[in-house]
Amino acid sequence: MLAITLQDLRFRARQFLIAVVGAGLVFAMTLLLAGLAAGFGVEVDQTVSGMGSQAWVVAQGSSGRISSLSPLPAFAEFAVTGTLGVRRADPVIVVPQAATVGHQQQSIVLVGYTAGGLGIPPVVTGRPVRADDEAVVDTRLGLGVGQRFAVSGHTLTVVGTVTGRTLLGGIADAYVTLAEAQAVVFEGRPLISAILTTGVPKAVPADLTVMSNTQIESRSLDQMSSASSSIDNSRSFMWIIAAVIVAALVYVTALERTRDFAVMKALGASSGALFLGLAAQAVLVALAAAAIGALLSTFMSGIFAQPVDIPPSAFVVLPVSALVVGLLASLVALRRAISVDPATAFAG
């Protein structure tokens, strides 16, 4: 039965190739959607963990979302510095802004930090910020060292670049001095977004609350829950499309092999044997499509504006899911195969 199945695959190679490529593209999009959903968490984790802190002291009642923290008076830093459990405390400002890059408007997440303090990103090219009119930006902003951009009328010169520092679905982070961020965001008023600490404060004033990195990340991801849900729904739809493609191919093949099935049944082939033949075809097509999908997804991730981080588990789930798709698809054609009258084999 396997030999007959392989021979039929060879005979209908063009049909199977079209199905493999079509299903492969769908599988690639499924992996990419998994990467997009995971990308939200990865970018938040990279930005938060990149601050080098162990805890965030924020305003009581603040949402805890890194890009929308309630402002604090700058002097709140002194209420945290020296608190039991705190080894170091530095203020930080994290606020989304509109930037003018060339003649275009782009969104950025402005991050203001104290020179030499917590919040300094690992610079890939150039150097860290030293003056108020300087910035270190993520490469997704498309600017190199020496180029300039403007935020709220303030012109900033890029002195360094970082990678993997984005928020809100691929919006580049731009790091500046705390004073520059206060001038841009709060018109120079002594306000901050949070106080970063190494060591966890044992107690803080009643108008403040302590959050861990995990809490900040979790609440920040809640902001993207609708987008993640939409991506997950689209991914499920992609699995259905892949199953339909493989099932349609196997069913059409079954229609064309009516005489073959009649001959095999006349020779004593059982329904189980026919199912195994159909299942082998469907599984081979699905697994080949999965392999193509895995390969294509590695090259297609660059077409998206936001980070794509395909989890390794997705590459394990893919062939297993393709196997299930193949088996389910073969069931579509099984009814046609077992309903063939063996007498058809002797028809003229």
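The values are calculated or read from the model by the stated rules, or taken from the named source; none is laboratory data. Fair warning: this is a prediction, and the values are worked out from it, not measured in the lab. Note that each Cβ is placed from the backbone with ideal geometry, even for glycine, and that neighbours are counted across all protein chains shown. Surface accessibility is based on the protein's heavy atoms, side chains included, excluding ligands, DNA and RNA. Shrake-Rupley method; radii C 1.70, N 1.55, O 1.52, S 1.80 Å.
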(message) Which one, Gly164, Ile192, Ala76, projects farthest toward the positive side of the charge dipole computed for the chain from Cβ point charges (K/R +1, D/E -1)?
(response) Gly164
(message) Using a Gaussian network model on the chain with a 10 Å cutoff between Cα atoms, which of Gly126, Gly41, Gly153 fluctuates the most?
(response) Gly153
(message) Given a 1.4 angstrom probe, I'd like the percentage of the accessible area of the chain that is carbon and sulfur, rounded to a whole number.
(response) 61
(request) Treat each spin label as a single point 7 Å out from the Cα along the C-beta direction, and report the Thr125 to Arg14 distance in nm. (result) 4.9
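Where in the chain lies the longest segment free of trypsin sites (Lys or Arg not before Pro) that are both loop residues by DSSP (not H, G, I, E, B) and have at most 13 other Cβ atoms within 10 Å? Display every interim value, and only then the final one.
On the way: sites that count: Arg87, Arg130, Lys202.
Longest stretch, sites excluded: 203-348.
Using the Kirkwood radius over Cα pairs, work out the Stokes-Einstein diffusion coefficient for the range 62-156 at 20 °C and 1.002 mPa s, in µm²/s as a whole number.
On the way: Rh = 15.2 Å.
Once the numbers are plugged in, D ends up at 141 µm²/s.
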(request) Rank Ala74, Ala248, Ala206 by mean-square fluctuation in a GNM of the chain with C-alpha springs under 10 angstrom and give only the top-ranked residue. (result) Ala206
(request) Taking the dipole about the Cα centre of the chain, with the C-beta of Lys and Arg at +1 and of Asp and Glu at -1, give me whichever of Val57, Ala135, Ile241 is farthest to the positive side. (result) Ile241
(request) Consider a paramagnetic label point 7 Å from the Cα of Val145 along Cα→Cβ; state which residues of the range 155-180 have an amide N under 13 Å from it. (result) 158-162
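What percent antiparallel are the DSSP beta bridges of the chain, to the nearest 5?
Values: 37 of 48 bridges.
Antiparallel bridges: around 75 percent, rounded to the nearest 5.
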(message) Could you derive backbone 3J(HN,Hα) for the range 240-248 from the dihedral phi with the Karplus parameters 6.51, -1.76 and 1.60 (θ = phi - 60°), listing whole Hz in sequence and x where the residue is Gly or Pro?
(response) 5, 4, 4, 5, 5, 4, 5, 4, 4
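Efficiency by 1/(1 + (r/R0)^6): what FRET value for Gln105 and Ala291, r their Cβ-Cβ distance, R0 = 25 Å, to the nearest 0.05?
On the way: r = 42 Å, r/R0 = 1.70.
Efficiency at R0 = 25 Å is approximately 0.05.
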(request) Please work out the average accessible area per residue across the chain, using the 1.4 Å probe convention, and give it in Å². (result) 45
(request) Please give, to one decimal in nm, the separation of the simple spin-label points placed at Ser225 and Asp133, each 7 Å out from Cα toward the Cβ. (result) 4.6
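Given Cβ point charges of +1 (Lys, Arg) and -1 (Asp, Glu) and nothing else, what value in debye, to the nearest 20, does the dipole of the range 65-167 about its Cα centre take?
On the way: 8 positive and 6 negative charges, 49 e Å.
It comes to approximately 240 debye.
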(request) Output ³J(HN,Hα) for the range 90-102: one whole-Hz value per residue in order, computed from phi by the Karplus curve 6.51 cos²θ - 1.76 cosθ + 1.60 with θ = phi - 60°, and x for Gly and Pro. (result) 9, x, 8, 10, 9, 9, x, 9, 9, 10, 9, 10, x
(message) With +1 on the Cβ of every Lys and Arg and -1 on the Cβ of every Asp and Glu, and nothing else charged, how large is the dipole of the range 107-162 about its Cα centre, in debye rounded to the nearest 20?
(response) 100
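At a Förster radius of 22 Å, what calculated FRET efficiency corresponds to the Cβ-Cβ distance of Gln306 and Ser218, to the nearest 0.05?
On the way: r = 19 Å, r/R0 = 0.88.
Between Gln306 and Ser218 the formula returns 0.70.
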